[in-house]
Amino acid sequence: MSNPKEIQFKKDAARVSFDEKHRKTIRFNMGKYYAAVAKGAARYQDREAARDKAAAIKRHTLEHLSEYLQQFEKNFTRNGGTVLWARTADDAVAYITQIFQENNVKSVVKSKSMTTEEIELNENLKKIGVESVETDLGEYIVQLAGEKPYHIVTPAMHKSKADVAQLFNKHFGFPLESSAEEMTMLARAKLREKYMAADAGITGANFVIADKGAIAVTENEGNALMSTSFPKIQIAIAGIEKVIPSYKDLALFWPHLAQNGTGQPITAYSSVFSGPKKENESHGPEKMYVILLDNGRTNIYKQDTFRVALSCIRCGACLNACPIYKNIGGYTYNTTYQGPIGTVISPHLRGFESFAHLCTACSLCANCASVCPVRMPLNDLILENRKLAVQGGYFHAMEKPLIDGFTFFTKKASRTDCVGGDMKNLVAKCLGKNVWGSKRAFPKFAKKSFRKSFKNRL
Ligand code: SF4
């Protein structure tokens, strides 16, 4: 049975795939990514060994997840911070609401975090009268446009320079012919006012470090550092899968994430936050909280086959490698996490009834798995999701009989040949729009099959 999300998905996919402007922008921005990644690959002494090591650390951590999370809690608490455990998105929002009400927080600066997107933090803060401003330039652009992030690493990848100029012109009256540098300087000036006035700063966490009781945040603009330096309160929201055993592991994960995320040797700013400022320190927040978010992750953890999906370090490489993502675009998925990793985890995080259809948006080319820095078998997991979707009855009731019928007729040439080309073309025409899409012409069957023509020649 089709669900409304599936119907919308198909409509959007058909529309975006043929949107020439979208294709051009994505090609241009992805092209820059591919060039940087190819150049960066040469920096590894042994890239495959790095992938093996990263995969092994993440798998080991998952096997001891509760121990490492508790170790983190103990050490972070000793550093003066507070750890809050959120089972659901609502729990996380309730914690933040309480902290803000107790501390009379009215304005927030926020650095890029997909976990905060997952709990719809900005929308929830608006409901309690708190202004939340995105400070990552890409996020700032999509927030101004009233949109969600298009990509987990590069949220405004779908926008060209001209699109951003139009947006800045609409909101700030900035000249349309402004250069990228001029627009960046404008955003910088606007954001600086927000940093100075904010009551609280919110970040995500790329890694939660168990033995140090700290979080690691990578970024390129210094905005996370600014968001946490001025306000008196710092909150970090991290999925429970972000934990790594040791501070030393950052020596591998920081460059590995940067290389696979953007092709950089390491991001411009790499910060470790280990609690509120100490008595003898002049900078930093007076209170620091880390919210550890479950929100469906233990549902993935419980399933042996899918546990590995919690190894993800959110580098976005699988999105950039995916031929489907590049054609249908980030928004078509209608999920926080798009592309192959989103296809794997979204049904488990948010329900098969709404997201089972995503597993059909895959050609099983396995390009995603071949680039994943933690060796996630993404294509296998997508196939596993298909199995679950079939078992759960989430596909259209006619699908199986149609496939069985198709298999029966095409298995033997004598069956396929029992009707002529005209009949085959008629059937193709009737099915064509649904199966083949409305924008492509279905190849014509010849009047006589090759087999029959060949026989007649003998
Ligand atoms: S699944 Fe792998 S490639 Fe995809 S975002 Fe996660 S770590 Fe990166």
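The values are calculated or read from the model by the stated rules, or taken from the named source; none is laboratory data. From a predicted model like this one, the values you see are computed outputs, not experimental measurements. Reconstructed Cβ throughout: ideal geometry from the backbone, glycine too, with neighbour counts over all protein chains shown.
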Subset of segment 411-437 that is over 14 Å from LYS448 (Cβ atoms) and aliphatic (A, V, I, L, M) - its residue that is farthest from the chain's Cα centre (by Cα): LEU426
If SER354 satisfies all but one of (1) crowded, with 18+ Cβ neighbours inside 10 Å; (2) part of a helix (DSSP H, G or I), what's the number of the condition it fails? (1)
Please determine whether any residue of segment 261-275 is away from the ligand (no atom under 13 Å from the Cβ), modelled with pLDDT of 95 or more, crowded, with 22+ Cβ neighbours inside 10 Å and not hydrophobic (A, V, I, L, M, F, W, C). yes
Quick count over segment 238-260, residues being surrounded by fewer than 20 Cβ atoms within 10 Å (Cβ to Cβ) and in contact with a helix residue (DSSP H, G or I) (Cβ under 7 Å, 6 or more places away or on another chain), is 2
Name the single residue, out of those in segment 372-407 being within 16 Å of the ligand (Cβ to nearest atom) and surrounded by fewer than 18 Cβ atoms within 10 Å (Cβ to Cβ), that is nearest to THR262 (Cα to Cα). PRO377
Is at least one residue of segment 358-367 within 14 Å of the ligand (Cβ to nearest atom) and of a type in the set (Gly, Ala, Ser)? yes
Being within 16 Å of the ligand (Cβ to nearest atom), in the same structural domain as TYR195 (by TED's automatic domain parsing) and either in contact with a His (Cβ under 8 Å, 6 or more places away or on another chain) or under 23 Å from THR88 (Cα atoms) (or both) narrows it down to one of ILE291, ILE244, ILE235, ILE345, so name that one. ILE244
Has segment 316-336 got any residue that is assigned to a loop (DSSP other than H, G, I, E, B), crowded, with 18+ Cβ neighbours inside 10 Å, on the phi > 0 side of the Ramachandran plot and touching a Gly at 6+ places or on another chain (Cβ under 9 Å)? yes
Single residue of segment 7-45 satisfying the filter (in a loop (DSSP other than H, G, I, E, B) and within 21 Å of CYS372 (Cβ to Cβ)) that is farthest from the chain's Cα centre (by Cα): GLN45
Give the residue that is nearest to SER354 (Cα to Cα), with candidates limited to residues of segment 375-419 that are touching a helix residue (DSSP H, G or I) at 6+ places or on another chain (Cβ under 7 Å) and hydroxyl-bearing (Ser, Thr, Tyr). TYR394
